[in-house]
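Participant: Let me give you the structure first, and then I'll get to my questions.
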């Protein structure tokens, strides 16, 4: 500040009031990069950050699980619809281990409008081993699996305790 303002008590009180108002804004701007890093973002910011990357965070999850889901969001989107992607997604959702078996195989028709050869419906058998069975809402997990897998694939879910 110029010396003429430093000698004026009113100007110094007014500037101190501005400092009280602007200090939190400047502090936030200085730490802005941390707000976008799932490992350092404030816990109340995680749900909003998750909406940016297209994932849903359950409010009942521990903070560390929410941070892990955010950190893996890009990889989960890249592998979405694959067995590996579904396994990783289930393991993040439950904190357990997922075993997935599919009936495999591919089929194609030699001409349009012909029935596909072989088995009609692709199937998945999903077994999830969790440390605490009471902590997993099976209906919600089943709905999330339905949303994450390809729409034409039928699945069966089994959740067991470790």
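Participant: Between residue 45 and residue 152, what is the FRET efficiency for a Förster distance of 25 Å, r being their Cβ-Cβ separation, to the nearest 0.05?
Facilitator: 0.10
Participant: Further, regarding this structure: Which of the peptides 65-76, 138-149 is most tightly packed, and how do the rest follow, going by the mean number of other Cβ atoms within 10 Å of each residue?
Facilitator: 65-76, 138-149
Participant: Provide 128, 153 in ascending order of the number of other Cβ atoms located within 10 Å of each residue's Cβ, fewest first.
Facilitator: By the 10 Å Cβ count, ascending: 153, 128.
Participant: Translational diffusion coefficient of region 79-162 at 4 °C, 1.567 mPa s, Stokes-Einstein with Kirkwood Rh over Cα pairs, in µm²/s as a whole number.
Facilitator: The Stokes-Einstein estimate is 93 µm²/s.
Participant: Provide the gained length on full extension for the span residue 83 to residue 5, in nm with one decimal, where the gain is 0.36 nm per separating residue minus the Cα-Cα distance.
Facilitator: Contour length minus Cα-Cα distance gives 21.3 nm.
Bear in mind that the values in this text are calculations on the coordinates, not laboratory data. Since we're looking at a predicted model, the values are computed, not measured. Don't worry about glycine lacking a Cβ; one is built from the backbone with ideal geometry, like all the others, and counts go over all protein chains shown.
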